[in-house]
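What follows draws every value from the coordinates through simple rules; no lab data is involved. Bear in mind that the values here come from a model prediction, so they are computed numbers and not experimental data. Neighbour counts run over all protein chains shown; Cβ positions are idealised from the backbone, glycine included.
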Amino acid sequence: MAALDDLVGELDRSYAEAQARMSDPAVYNDHREAADVGRRLKELEGPWKLAQQWKQARADLDAARGDAELAEMAGGYEEDVARLEEELKLALAERDPADEKDVIVEIRGGEGGDEGKLWAGDLARLLQRYAERRGFRWEEIEVTSSDAGGIKEATFAIKGDGAYSVFKFEGGTHRVQRVPETESQGRIHTSTATVAVMPEAEEMDVEIEESDLKIDVYRSSGPGGQSVNTTDSAVRITHMPTGIVVAMQDERSQLQNREKAMRVLRARIYEAERERQAAEQAAARSAQVGTGARAEKIRTYNFPQSRVTDHRVKLNVPLEQVLAGSLDDFTNALTADEQRRALER
């Protein structure tokens, strides 16, 4: 990390510039630009206030060291400076540029047959409760249910400032250990569901040429494959350069299905490019720190022992708390861990 004084000087300049832009009538009258500047100002405000406290604490420490009557207070000021310096370093650590974006979440039943699909449904409801507790809006995009009442696969959107900064830690394999309702012998089964979390990309984030798309339309099908619509409303879009395929059939309108498919397609392309860049950066570092690959088992939900363990930060949380949609302990610990890793780069 560059010298803290240099970073604080840059922070002061950026904050003053954002304030000046917010006061500019041309910006104020452009709703989109005003919203962007407002988000930037909000993002800078916390670190800027910390920086002012740190500068004041250093000034108080210098004054105490230079005054015999205040010398006995120097120890307390030293502690204040050290504490504020650590908080400021974390606040200034490089952030993921996608943190403020909305989120596309894909959930699939994994190992365990019907129980894995039932667990996927439970996991979707758990994440929905967490989103609502955090003040985000949960939107269903496409859900394919299993015969037993679970989820084969489902796609949701989570909307709200900073949604990705919260939900990016949910991407991976979620393992559950419990006795299924269909288990007559009371044996504990281990099942999994996978979660993919992607920032929702805007059109300006991903440039998609119409000529790169192969679009197929067909009739929606329900359980068992029977047709549930008399028109070709279902849409399958293939992005030829990447091979990414997205299909949508939940809506009765072909146009609505196409719009939903394009939202998911943009998110997948955007995330694939982010992963490619991250892999290049990791390869360039002498020591790669955690890949965060989606295939990694991130969390175990142990029903017999009533606890949930996040394997990335070795943290246990009561199961009842997690099932109620309270994942803040995990989110806070994982955010702190991410910030520490950013400081080491």
(request) Could you tell me how many degrees, from 0 to 90 and to the nearest 10, lie between the Cα long axis of helix 114-133 and the main elongation axis, the longest principal axis, of the Cα atoms of the chain? (result) 40
(message) Running a GNM on the chain with Cα contacts under 10 Å, which residue among ALA278, ALA35, ALA124 ends up with the highest mean-square fluctuation?
(response) ALA35
(request) Return LEU327, LEU70 ranked ascending by Cβ neighbour count within 10 Å, so the fewest neighbours appear first. (result) LEU70, LEU327
(message) Here is the link list: LYS55/LYS297; LYS55/LYS168; LYS214/LYS297; LYS49/LYS168; LYS89/LYS260. Which ones come out longer than 32 Å on Cα distance?
(response) LYS55/LYS297; LYS55/LYS168; LYS214/LYS297; LYS89/LYS260
(message) Along each principal axis of its Cα atoms, how long is the chain end to end? Whole angstroms, biggest number first, please.
(response) 87, 59, 39
(message) With the cut-off at 1.5 for a/c, could you classify the stretch 76-232 from its C-alpha gyration tensor as rounded, prolate or oblate?
(response) oblate
(request) Identify all aspartates and glutamates with a Cα-Cα distance to LYS117 below 12 Å; exclude those on the same chain that are fewer than 8 residues away in sequence. (result) ASP147, GLU153
(message) Charges on Cβ only, +1 for Lys and Arg, -1 for Asp and Glu, centred on the Cα centroid of the chain; of MET248, ALA71, ALA278, which one is farthest towards the dipole's positive end?
(response) MET248
(request) Compute the long axis of helix 328-344 from its Cα atoms, compare it with the longest principal axis of the Cα atoms of the chain, and write down the angle in degrees, 0 to 90, nearest 10. (result) 60
(request) Please list, in chain and number order, the residues 5+ apart from LYS152 or on another chain whose amide H is under 5 Å from its amide H, with Hs placed from the backbone. (result) THR144, SER145, SER146
(request) Please compute the net charge surrounding ARG178, taking Lys and Arg as +1 and Asp and Glu as -1 over other residues with Cβ under 13 Å from its Cβ. (result) -1
(request) Before anything else, pin down the relative contact order of the chain: Cα pairs under 8 Å, at least 6 apart, normalised by residue count, whole percent. (result) 15
(message) To make sure I understand the rule: partners must be aspartates and glutamates, Cα under 12 Å from the Cα of LYS42, and not fewer than 8 residues away in the same chain. Which ones qualify?
(response) GLU100, ASP161
(request) Using a 10 angstrom cutoff on alpha carbons, build the Gaussian network for the chain and name the most mobile of ILE107, ILE188, ILE158. (result) ILE188
(request) Can you list which of the trypsin sites (Lys or Arg not before Pro) found in the stretch 128-200 are DSSP loop residues with at most 15 other C-beta atoms within 10 Å? (result) ARG187
(request) Give, rounded to the nearest 20 debye, the magnitude of the charge dipole that the stretch 58-174 has about its Cα centre when Lys and Arg contribute +1 at Cβ and Asp and Glu contribute -1 at Cβ. (result) 640
(request) Just add up the charged neighbours of GLY109: K/R +1, D/E -1, any other residue whose Cβ is under 11 Å from the Cβ of GLY109. (result) -2
(request) Show the residues, 5+ positions off or on another chain, whose built amide H is closer than 5 Å to the amide H of ILE141. (result) THR155, PHE156, ALA157
